[in-house]
Amino acid sequence: MTFTVTSNAQNLPADKRSRTFARFSDAATEVVDARIYLGYHFRFADTAAREQGLRVAKWTFTHVLKPIDDEVRSPTRSN
């Protein structure tokens, strides 16, 4: 799924404010790189944070975000 993110930062030229990504992971990788280039973090800290986020997401989808029952997953109508 391709998506575009647009910044409202006034210090960027208008043609540089939007970034298009093919995957969410591509955007996440760019954010990690930007934080390192700006001196905010070390790569190992952001890499560890991304891995932890993936584990939290996986746990959430397997334990919390589940269909209530089979009917919700594949509704059938007898009209």
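The values are calculated or read from the model by the stated rules, or taken from the named source; none is laboratory data. This is a predicted model, so every value here is computed, not measured. So basically every Cβ, Gly included, is an ideal-geometry build from the backbone, and we count neighbours across all protein chains shown.
For the stretch 1-23, the set of residues classified as of a type in the set (A, V, I, L, M, F, W, C) and at pLDDT 90 or above consists of Phe3, Val5, Phe21, Ala22, listed by residue number. Taking the criterion of being exposed (fewer than 10 other Cβ atoms within 10 Å of the Cβ) and either among the polar types (S, T, N, Q) or touching a residue at least 12 places away in the same chain (Cβ under 8 Å) (or both), the only residue of the stretch 15-63 that qualifies is Thr62.
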